[in-house]
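Structure first, then comments.
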Amino acid sequence: MLIRLFVAILLAFASVDALAQDRPNAPEIATKTSKVQTAMGSKFMVVTAHPDATKAAYDILNKGGTAADAAIAAQMVLGLVEPQSSGIGGGAFIVYYDAVQGKLFSIDGRETTPIVASPYLFTKDDGKAMGFYDAANGGRSVGTPGLLRALEKLHGWQGKAPWRDLFQPAIKLAEKGFTVSHRLQKSLQKEASRFEADTQAKIYFFPDTTRSIEGGARKVNQDYAATLNHIADNGAASFYNGPLALNLVEKVRKNKKVGMLSIEDMTEYQAKERMPVCGGYRGYKICSMGQPSSGALTLLNTLGILEHFDLRSMGKDNLQSWHIIAEASRLAFADRNYYMADPDFVKTPDTLLLDPLYLKSRAALIQHKSPMQDVRHGVPAGWVASISQAQDASVKPPGTTHMSIVDGYGNILSMTSSIENAFGSRIMVDGYLLNNQLTDFAFVPNDKNGNPKANRVEGGKRPRSSMSPTIIFDPENKPFMVIGSAGGSRIIGFVLQRIISVIDWDMDIAQALAAPHIVHRGKKLELESSGVDMAEPLKDFGHPVLVGEMNSGLTAIHFKNGQMTGAADPRRDGTAMGR
């Protein structure tokens, strides 16, 4: 037993180094692993990544507000207490179920590229890609924020509470002070060297110039309070026009790494209603966010392949199950990396990738005893390519936050929001941080043969995302689960694993969220440190395996027997509250 433990520890340390080398540094850290925090309720439920945000949303629901109202209140608080993950300087994807109409809709609040940007925004003079942080830190990486326009559209359709009231919890916390989380402190300690380019951000997060704000301390943000008061009184439009917009644009354009964002980019920005993408799995209907997010298509593509394998009989402790899940993920990511991008700019097969015959043909490629040697994108029936494209399998550091909400009227919200990498561009203006979402594009627009990448930079375009806000309905078309996560392109795998765990293996939602992450994004099988015992056996299948810490931020609500169970990822500070 002691020998086995010693080997496991050595393997973990060796694999962590390999994992760190395999991807950019990811300061959106998982600072702890604790017991899953859960709550039970039959009337309403909210789960967010921070207790202050959960409480703000709960209070709105308790007063008769809708899931839309609660989401706005929670998000304004998250921008204050979890600024490394999301805020009004970023964007969001929202999937919403209107219980009265029995209708799903989704809102695309993704950031857009400055209209004057060229495909070579992130290339050096020699045509090669910039280093990630050379591109991410500063004005060059900032896209037009979409969060407030998305929330404004949502509130117009589904809000009951006055717009101004929804900002008050965050305003009060900003004025009177919030308690700094230890997770925020540790993220800042890891990021200290990357705040040198912006004085306002440096002073706010490192008030004595050498040490960050400390976990457990009280912190006020009067600038953020003033900004929220202005938006609360004057609506979301006041963020995109007038002094707030001018301040934002000036800060981006005067940064040492000059950005291209203009006041015209701000005034012309619109959040878009898009059709949710839905698909079946074992009789359940699973709906998530379509392009420019790759979330729904990649998730449903993987599940459609897995329908051809009896995972229930194999079981969660069978290595064969994980081998097949990994292979299905590899196939889906090959399609993602080749085809998926902003559909307003690039013609894509879209839901042709979910055609049952196509998925059956993809499933037939999986070998039971060894990994496929060469995984390429497929060509679904009915798809005629206008041009040859290039793969874009680049991996970007994870950030982001997710919330899951059910209100007293039966409406359901699944919303993922982000400023991209932790602390975004590290530029602060008027008390909030600006995104670096443009680094979600392919840095080099073409491959060596000159074939363009679908996710290349173009003026006015929205970068591809992996955010996967998801709502699931059971075989009787009743709500079954609300789920989503933070975690960059691993989000798809995080959500996939929990869907399989609950539907195929009857795990309760707390068990499912606590289980070690096992993710495949196309290159290597990634395994969370707590599951290190599986590393060598999976290597025996022929998989390159990397073990290390994986930041996630799952929030979920599971419906069962007339009750809801809300659960928050034990790797972060999230909480659930319900009644």
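The values are calculated or read from the model by the stated rules, or taken from the named source; none is laboratory data. Because the structure is predicted, anything quoted here is derived from the model rather than measured. Quick reminder, even Gly has a Cβ in these numbers, built from the backbone with ideal geometry, and neighbours come from all protein chains shown.
Yes or no, residue by residue, for (1) β-branched (Val, Ile, Thr); (2) within 25 Å of Met534 (Cβ to Cβ); (3) free of Cβ contacts under 8 Å to residues at least 24 places away in the same chain; (4) touching a Lys or Arg at 6+ places or on another chain (Cβ under 9 Å):
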position	(1), (2), (3), (4)
Ala296	no, no, no, no
Ala326	no, yes, no, no
Arg330	no, yes, no, yes
Pro349	no, no, no, no
Selection count, region 349-383, where residues are among the basic types (Lys, Arg) and under 28 Å from the mean Cα position of the chain (by Cα): 2
Leading residue by the ranking (farthest from Phe239 (Cα to Cα)) among those in region 205-227 that are touching an Asp or Glu at 6+ places or on another chain (Cβ under 9 Å) and among the aliphatic types (A, V, I, L, M): Val220
Residue tally, condition crowded, with 17+ Cβ neighbours inside 10 Å and at pLDDT 95 or above, over region 230-255: 13
Odd one out for Met534 among (1) crowded, with 24+ Cβ neighbours inside 10 Å; (2) outside any strand (DSSP E or B): (1)
Which numbered condition Lys219 misses (of (1) touching a Phe, Trp or Tyr at 6+ places or on another chain (Cβ under 9 Å); (2) over 30 Å from Gly65 (Cα atoms)): (2)
Residues located in region 292-308, provided they are touching a helix residue (DSSP H, G or I) at 6+ places or on another chain (Cβ under 7 Å), in a loop (DSSP other than H, G, I, E, B) and buried (at least 24 other Cβ atoms within 10 Å of the Cβ): Ser294
Test for Gly89: is it part of a loop (DSSP other than H, G, I, E, B) and on the phi > 0 side of the Ramachandran plot: no
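Residue-by-condition table, conditions (1) of a type in the set (A, V, I, L, M); (2) in a loop (DSSP other than H, G, I, E, B):
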residue: Asp342; (1), (2): no, yes
residue: Lys347; (1), (2): no, yes
residue: Thr351; (1), (2): no, no
residue: Tyr358; (1), (2): no, no
residue: Ser361; (1), (2): no, no
residue: Leu365; (1), (2): yes, yes
residue: Pro371; (1), (2): no, yes
residue: Val379; (1), (2): yes, yes
residue: Ser386; (1), (2): no, yes
Check on Leu311, in contact with a Pro (Cβ under 9 Å, 6 or more places away or on another chain), touching a residue at least 60 places away in the same chain (Cβ under 8 Å) and either farther than 30 Å from Phe441 by Cα or surrounded by fewer than 19 Cβ atoms within 10 Å (Cβ to Cβ) (or both): no
Filter result (in contact with a Pro (Cβ under 9 Å, 6 or more places away or on another chain) and either surrounded by fewer than 17 Cβ atoms within 10 Å (Cβ to Cβ) or in a helix (DSSP H, G or I) (or both)) within region 132-178: Phe132, Tyr133, Ala136
Number of the exception - Lys251 against (1) touching a strand residue (DSSP E or B) at 6+ places or on another chain (Cβ under 8 Å); (2) closer than 28 Å to Arg336 by Cα: (2)
Contacts under 7 angstrom Cβ, first residue in region 200-212 being of a type in the set (A, V, I, L, M), partner surrounded by 16 or more Cβ atoms within 10 Å (Cβ to Cβ) and in a loop (DSSP other than H, G, I, E, B), 6 or more apart: Ala201/Arg426; Ala201/Ile427
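Residues checked against (1) of a type in the set (A, V, I, L, M, F, W, C); (2) closer than 26 Å to Asn449 by Cα; (3) at pLDDT 95 or above:
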| position | (1), (2), (3) |
| --- | --- |
| Gln373 | no, yes, no |
| His377 | no, yes, yes |
| Pro380 | no, yes, yes |
| Ala390 | yes, yes, no |
| Ala393 | yes, yes, no |
| Gly399 | no, no, no |
Only one of Lys160, Lys153 that is over 29 Å from Ile263 (Cα atoms) and touching a residue at least 12 places away in the same chain (Cβ under 8 Å): Lys160
Residue within region 55-72 that is assigned to a loop (DSSP other than H, G, I, E, B) and under 27 Å from Phe195 (Cβ atoms) present: no
